[in-house]
Amino acid sequence: MKKRLWGLIFVVLGVLVLLQVLGVYDFGFAFWPTVLLLLGIVILSESISFGLISWVTLGLGLWVGGIGLFGILSGAGITDISGGDIARFGWPLILVAVGLSILLGDRNLFFRKLFFRHGDHDTDKEAYSSLRHIGDLYHGRVPWTLDQDLEFFHGIGDVVIDFTTANVKPGNHRVYLKAGIGDVTIRVPDGVNVDINASVGVGELDVFGEQKSGIGGLSLKRKINAENAAASIEIEARMGLGDMQVLYMPAVPGVSN
């Protein structure tokens, strides 16, 4: 992960907390409950947006956000329930979320047709869908063939989608990626046309060398037409918290496009 942004945030936060703990200066502000509340909100928004319900991230968001919220409320004397109480008794919520995830599985992808921006997805073309709540995903570690549309829904963890190892068949191939928290890397071979629409809620975004970083929603669109290319890859990639990098680079030797 490119840690510059979050490294700076945590360094500043750590210094402020240390000054307050040492009694150098009392900011009169509860830092950690606020951070947990904001993190919970981010996780919740990513778990239920666009009609997709990720039960594990939903439970995790409620738990983490609840710890922060009740930490703030108890500190203000509004309630006797503390953030520690939520932390101790929140495990059943996570277990329920895991159970729902196992029971419902990929039924959460019922709404996946809503994700394609233009609404003209070729329903006669076979599409590959992947749903993973927690863990890392590496698609394209070994040579493979791209002859269908792809959909990836990922909760927490790093994601790598490597098209440089793919034999890209002629035609237009649509790729949709939605990730919650982590790092995303997308590698596109220079022998194909590419149309990319990428966005990050909080973190860093790098599309073909053009970079943005910060908080409040980052987006970049780029379109490249390769000479004499018979294949096109249309990518829509969205993530909530973390870094996203899209690279346009040579294909792996021995892979024809």
Within the range 160-179, of all residues that are free of Cβ contacts under 8 Å to residues at least 60 places away in the same chain and crowded, with 19+ Cβ neighbours inside 10 Å, the one farthest from L44 (Cα to Cα) is D162
Given (1) surrounded by fewer than 16 Cβ atoms within 10 Å (Cβ to Cβ); (2) at pLDDT 75 or above, D120 misses just (2)
Residues in the range 131-168 that are of a type in the set (A, V, I, L, M, F, W, C), within 22 Å of E234 (Cβ to Cβ) and not in a strand (DSSP E or B) total 1
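Scan the range 202-218 residue by residue and report those that are out of contact with any helix residue (DSSP H, G or I) (no Cβ under 8 Å at 6 or more places or on another chain) and either over 27 Å from G171 (Cβ atoms) or not in a strand (DSSP E or B) (or both).
Within the range 202-218, L205, D206, F208, G209, E210, Q211, K212, I215, G216, G217, L218 qualify.
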Only one of (1) in a strand (DSSP E or B); (2) crowded, with 18+ Cβ neighbours inside 10 Å; (3) at negative phi; (4) out of contact with any helix residue (DSSP H, G or I) (no Cβ under 8 Å at 6 or more places or on another chain) does not apply to G182, and that is (3)
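For (1) at pLDDT 85 or above; (2) aromatic (F, W, Y), each residue gets a yes or a no:
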| position | (1), (2) |
| --- | --- |
| F89 | no, yes |
| F111 | no, yes |
| S130 | no, no |
| V160 | yes, no |
| F163 | yes, yes |
| G171 | yes, no |
Filtering the range 76-98 down to residues that are within 16 Å of T34 (Cβ to Cβ), surrounded by 15 or more Cβ atoms within 10 Å (Cβ to Cβ) and not β-branched (V, I, T) yields S82, G83, A87
Of the residues in the range 129-159 that are buried (at least 20 other Cβ atoms within 10 Å of the Cβ) and not hydrophobic (A, V, I, L, M, F, W, C), the one that is nearest to A251 (Cα to Cα) is E151
Per the list (1) modelled with pLDDT of 95 or more; (2) in a loop (DSSP other than H, G, I, E, B); (3) β-branched (V, I, T), residue check on V252 breaks on (1)
For the range 73-102, pairs from a residue that is in the same structural domain as T57 (by TED's automatic domain parsing) to a residue that is modelled with pLDDT of 80 or more and outside any helix (DSSP H, G or I), with Cβ under 8 Å and 6 or more apart or across chains, are L73/T79; L73/I81; S74/D80; S74/I81; S74/S82
**Request:** Please indicate, with yes or no, whether at least one residue in the range 37-55 is assigned by TED's automatic domain parsing to the domain that holds P92, out of contact with any helix residue (DSSP H, G or I) (no Cβ under 7 Å at 6 or more places or on another chain) and at pLDDT 70 or above.
**Result:** yes
Scanning the range 212-244 residue by residue, those under 15 Å from the mean Cα position of the chain (by Cα) and crowded, with 18+ Cβ neighbours inside 10 Å turn out to be L218, I235, E236, A237, R238, M239, G240, L241, G242, D243, M244
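The values are calculated or read from the model by the stated rules, or taken from the named source; none is laboratory data. As the structure is a prediction and not an experimental result, all values here were calculated from the model. Using ideal geometry, Cβ is built from the backbone for each residue, glycine included, and neighbour counts are taken over all protein chains shown.
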